[in-house]
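This report refers to the structure that appears directly beneath it.
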Amino acid sequence: MLPSEQRKNQQPGAMEVLWLSRILAGGLLISLALALVSYFQRHTWQQLAIGGPLLLALACIIRATRIQHHDTESSGFWLILAVIVAYSGTELFFQGITLASILSGALFIVLIGGLTMPRQWSGWVGLTGIFALALVLINKLQPFPRYNITYTSSGYLILLITAGMALGMLLRAARLSREVTILKRTVAELQQVGGLLQHRLRELTLLQAVAVAGSEAGSEEELLERTARLIGEALHVDNFGVLLLDSAAGVLRLHTLYRLGTKIERRVTIPLGQGLTGATALDGQARRVSDITQEPGYAEINSQTRSELCVPIKIGEKIIGVLNVESDRVNAFTAADERLLVTLAGQLAPAIEQLRNVREVRREAQYLTMINKIGRRLTAILTLDALLPEIGRSLAEALQLYNVEIALIKNERLVFHAGYGGYVDGALEPGYTLELGQGITGKAAITGETVFVPDVQACPDYIPTEQLPDVRSELAVPLQAHGETIGVLDVKSDRVNGIQAQEIAILETLAAQVAVAIQNARLFHTTRETAQRLSILHWASQEITRAGLDMERLYVAIHRATARLMPSEAFVIGLLDEQRQEINLPYLIDHSGRMKPRRISRDQGLSGHVIATGKSLRIADMEQVEDIDVIYFGDPEHMRSILAVPLRLGNRVLGVLSAQSYQPHAYTQNDQNMLELLAAHAAIVLENARLFADERERNAELQAIRQASLHVTSTLKLKLVLQVIMEHTLELVKATDAHIFLYDGERLRFGAARWAGEARHKPFAAPREDGITYLAARTGQRVVVPDIETNLLFAGTSWKGAIAALPLCIGEQVMGVMNIVFDDPHHFDENELRALELLADQAAVAIRNAELFEAAQRQLQELSLLHAVSTAGAAVTDEDVLITQATDLIGEALYPDSFGMLLLNDITGVLDFHPSYRTSTGKFSPVSIPLGQGVIGQVALTGQPRRIADTSQEPDYLSLTGQMRSELCVPLQVGGECIGVLNAESRQLNAFTDNDERLLVTLAGQLATAIGKARLLAEAQERAQELAAALEQLKRLSRSKNEFFQNISHELGTPLSVIRLQAELMEDGAMGPLQPQQEKAVGSIARRSRMLSTMIKDLNIFLMMATKQLRPQPVDLVSLVKELLIDFQVQSAAAGLTLLSEVTPASVEIFADPVNVARVVDNLLGNALKFTPAGGTITLRLRKDADWAELQVSDTGIGIPADKLPYIFERGYRVATNTSSQYNGRGLGLALVKELVEAQGGEISVHSVVGEGSTFCVSFPLLKEG
């Protein structure tokens, strides 16, 4: 571009600045030249000084001209600055400040500012005011000297130039104003044309982009997504979207790509005719609403919308949807926008229709491919569990269905096996059942015809479910194979009429393939199951064979094999016992586990029915059966399905196998066949095992009898023999309990008993005179009762079970009776009874041998007793001790129930019980018996022994305890004079024999002689007692002395306590402040008072020990020590010491005075605290062994020299060391400890090393039981 063209294109403001700059520059140059001429003419320095401001102003003008032409404001600033500098300088130096100079300068500023900065008028007007104010202030202050110079031609010239410049500027400004107006109008027209062109360009660009999107989009979804973005970016609307018409439902469905291409999750539908969009879709007319608040038919979706534009998407007269744009502004859309959207809708409609046609073609191809693919996939899957879910998933994904479910008919019900899609919690719970004819699915199953419901909400047969909340239409297609309906294929849509006719035809085609696939899978399953069952049957045969002849292992093996073949939540093995006419149920198991074996009658329950008929029994549902007697056991939840087959061996029925399930219809004919095969093999093995068990039982019986014979002959102690017989008897017959009663020809007495795995020392119940035990003893014949409840011998009793009473005989003599008892009824077979009788015969012989041995032992015991009593009489000189020892010896050996001596009182003439008299009842109140009264008084009076077989029949018998049944009494005679009697009593009738009387008479003679000697010795000892009396007098004097000291200590203790209390109160400041000297005195009084109190306390302890005033009782040493440790924890912590406890046992009981034991521990711990420096450790240990409790107190203190250890327990002794003065003491603590310990039967010792510490060890005897 040429320079002239560049100048033409420059802005008007820039041209004016350039002209102004030239005018100002010319005027300033002329003024400068005139000033120089005047200088050379007059040589006036003031005129020369004008050159400086003029040159500065010239520089500002040059600067303004060099600024870029478009920056007129900057140029104007420099021009105004030039005017200020030039005029202020020239006027100031020429003539000072005048009104003319102020007005001329302000005029220049206004002219230049208005031309160069029209938009910044506030700035240059303010600058004009500042200029005028500055000149006035300068004139007022007169900072420069005033020269009285007359104007020259230069002044007039400047004024003339100024006026000319002002006039030129005004003319130029008027012309420029007209040019600017013309230019602005031209620019506005050009801008309007450019806007139209740009708008048209955007429309064409948008139309072209939508056309491209229609040709490139591969799906309707992609087309709508791209269109939404393009329109949203081009029109800059606030909301935009596409609503597609659902002709079947008569509604517009809001596409998910709404709101400028952003996906929304909600499903919005608008009925035809409702709102602007519904009306547009109904009549096909575009609608533009400037303000929706004034539109009564507007259906609000977005609350912020203020204006809306809707145009139909249609092909010819066929409407397929609506384009809708919304804005938050009122009157946001124009007619041009409407034309554009109509054009876009016209382009979009055929594109959508074409894509839908393509989609239909593709869908048909996909359907064919899908049918082929699904068919191939279904034929490849042969397991029903994998096949059904795969069918549901494949159909749902291929046909884009909301939900697909498959239900198969079983037992007249539809059972849902698989489902896919739509579930709230993500999956179908298999096993849900439905009656045939119920609901849409049940209707299809029972009619065998396809049922389609376009709108389930209008169908009364529809059964809604919370798992599928969005179902709107449903299709149920029956699955048929060979003309039989085997199930239903049920599909659901979340749209009304959401399943098209073509899809229905495809699903019917697929249903046939699905039915064939299901049948194939079932056939495969049946074939494989049969093979598996045969394999399991083979395995079961091997397992049963490997179990050998062990019945228990066989039961388990049969159960395991059955469980692998079929459901067996409960299982029963029943074996027929023909001898007892019972069914033995040794193996019973259900959910609760294995139960105790039981027996039932052979005609009871299902087992009895199967054994009686010899035929298998299969019950599909027990709730439907009423004509069979059922015995329930175990779990309270009853079985629903039962399969029972007989155990056959040839023509014999040995028992029954029964598999049971809690589910109805659990067993099939195939299950029955398999269980019958298993039962045939099991019957052979069980019979062999039974025969083997019988043979083994016989051998065991013989072995048990042999072992019992060896054991009973290995000992001659009667009690041990009886216990051995009990053990072997219970091992032989597995009874509940066994008793042996010994028989003397008249009475039975307890021998031994055993039950619950333990020997018993008394019978469960005493034999009744008319009972089974006495019957066997008196007749010598066994008595067998298989069921106690049905036997007359037990009428009126609460006993249950079975019992056998076997006499123990040697020849014709009955030695006793052995009772064998069972808790339940028990059939005693001959083999069992024969074995028991053999054992009873051996037991009788063993009892006879034991009794003979006991007789010999008794004789030996009698001789030993005579020797012991004789020895006691020779060795013991005290009459009471002699009688006590003799009573204990004789009573323990011969008469444990009641035995003792009564001595004749020479003064009163009555018999008094000696304190050593023994009775096992514990209820004995000794009384005096006059001579001649009762059996005892008569024996003492006559001197003749008496033996009472039954005290209840003896009128002279005096009962002492009320529980004795027989009595033996013999006199004690010295020199023909009776001094007392020996009396023995027993709880048993006729307990004493001639041998007992003879032995007791002999013992009475020995005791009488010994008592006579003791009495002579007692007379000699009386004189010794007189001497002892004198000694006692001395002891009394000593006690008086002790009492005196006690009184003194008491009398001193009370006032001393008062003094100590007052002193401590004063010392603590409770009675007011003290002077320093008073504090020392009061402290000394308090310390001395405490020391005296301690001395009096120790003195009292020594006096108490001297007077034997200890109060021993059982003491738990552990509790006492722990309490003391709590008290010393604070003191040890205050002293900077560590107090440790090593108390090992949980409880240690001793017999001692608890106060004094506490005092011992207190003194030892106090010494340890006193003699252990800070930072040390004190350890208290407590241990015990069999007889002693040991208490140790160890410290890490100063220690005790070895040569001082023998004296530390002496009263008043103190160890003298270099540090003795640091520790106060009286030397009584350890002496007191030693005496307290020894006074209570204990011992004390010490181990110490100087500088390492000391250990004091105290031992107390443990409290013995009893």
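Please list the non-local residues whose amide H lies under 5 Å from the amide H of F1209, H modeled 1.01 Å from N, same-chain partners needing a gap of 5 or more.
Here the answer is none, since no amide H 5 or more places off falls under 5 Å of that of F1209.
Need one number: nm distance between label points at E552 and I810, each 7 Å from Cα along Cα→Cβ, rounded to one decimal.
It works out to 4.0 nm between the two label points.
On the first, second and third principal axes, largest extent first, how far apart are the outermost C-alpha atoms of the range 857-1028 in Å?
The principal-axis extents, from largest down, are 54, 40, 32 Å.
I need D824, D671, D490 ordered by Cβ neighbour count within 10 Å, fewest first.
Working: D824 11, D671 20, D490 24.
Ranked by crowding around the Cβ, least crowded first: D824, D671, D490.
Can you compute the modelled spin-label distance between L183 and N849, with each label point 7 Å from Cα toward Cβ, in nm?
Between L183 and N849, the label points sit 15.2 nm apart.
Length gain on complete extension for the stretch R564 to A365, per 0.36 nm per residue less the alpha carbon to alpha carbon distance? Each step should come with its number before you reach the end.
On the way: separation 199, 0.36 × 199 = 71.64 nm, distance 4.83 nm.
Between R564 and A365, full extension yields 66.8 nm more.
If you rank T277, T305 by fewest surrounding Cβ atoms within 10 Å, what's the result? Mind showing how you got there, number by number?
Numbers: T277 25, T305 20.
Listing T277, T305 from fewest to most nearby Cβ atoms yields T305, T277.
In nm, what is the difference between 0.36 nm times the number of residues separating R987 and A1018 and their Cα-Cα distance?
Here the answer is 7.4 nm.
With a cap of 12 neighbouring Cβ atoms within 10 Å, and only residues DSSP puts in a loop, list the GluC sites (Glu not before Pro) found in the range 476-514.
Details: sites: E484, E503, E508; in loops: none.
In loop regions of the range 476-514 (DSSP not H, G, I, E or B), there are no sparsely surrounded GluC sites (Glu not before Pro).
Using a 10 Å cut-off around each Cβ, can you sort C809, C1257, C969 from fewest to most neighbouring Cβ atoms?
Working: C809 21, C1257 16, C969 26.
Neighbour counts put them in this order, fewest first: C1257, C809, C969.
What does the charge count around Q885 come to, taking other residues whose C-beta lies under 14 Å from its C-beta (Lys +1, Arg +1, Asp -1, Glu -1)? Could the numbers behind the result be given before it?
Values: positive: R918; negative: D878, E879, D880, D888, E892.
With Lys, Arg at +1 and Asp, Glu at -1, the neighbours total -4.
For K596 and K1204, FRET efficiency with R0 = 60 Å and r from the beta-carbon atoms, rounded to 0.05? Numbers along the way, then the final one.
Values: r = 79 Å, r/R0 = 1.31.
That gives a FRET efficiency of 0.15.
Taking 0.36 nm per residue of separation and subtracting the Cα-Cα distance, what length does fully extending D824 through Q581 add? Walk me through the numbers before you get to the answer.
Values: separation 243, 0.36 × 243 = 87.48 nm, distance 1.57 nm.
That pair, D824 and Q581, stretches by 85.9 nm at full extension.
Show the residues, 5+ positions off or on another chain, whose built amide H is closer than 5 Å to the amide H of A481.
So A481 has HN proximity to I486.
Tell me the label-point distance for the pair Q502, R329, using the 7 Å Cα-to-Cβ offset, in nm and rounded to one decimal.
4.6 nm
Calculate I(q)/I(0) for the range 713-848 by the Debye formula, one identical point scatterer on each C-alpha and no solvent, and give its log10 at q = 0.14, 0.15, 0.17, 0.19 Å⁻¹ to two decimals.
The Debye formula, applied to the Cα set alone, gives -0.56, -0.65, -0.86, -1.10.
Taking R0 as 35 Å, what FRET efficiency do you get between A336 and E397 from their Cβ-Cβ distance, rounded to the nearest 0.05?
Details: r = 46 Å, r/R0 = 1.33.
Given R0 = 35 Å and the Cβ-Cβ separation, E is 0.15.
Wrap a convex hull around the Cα atoms of the range 381-525, take a quarter of its surface area, and give that in square nanometres. Walk me through the intermediate numbers first.
Working: hull surface 31.1 nm².
Orientation-averaged projected area of the Cα hull: 7.8 nm².
Please give the net charge around I589, taking every other residue with its beta carbon less than 12 angstrom from that of I589, where Lys and Arg add +1 and Asp and Glu add -1.
Details: positive: R560, R594, K596; negative: E569, D590, D635.
Charge balance near I589 sits at 0.
Name the residues whose placed amide hydrogens come within less than 5 Å of the amide hydrogen of V242, ignoring near sequence neighbours (fewer than 5 apart) on the same chain.
So V242 has HN proximity to H255.
Report the FRET efficiency, 1/(1 + (r/R0)^6), for V1249 and E1032, where r is their Cβ-Cβ distance and R0 is 51 Å, rounded to 0.05. Can you show the working numbers first?
Numbers: r = 48 Å, r/R0 = 0.94.
About 0.60, to the nearest 0.05.
Read the figures in this text as sums done on the coordinates, not as results from a lab. No experiment lies behind these values; they were computed from the predicted model shown. Glycine gets a Cβ as well: all are built from the backbone with ideal geometry, and neighbour counts include every protein chain shown.
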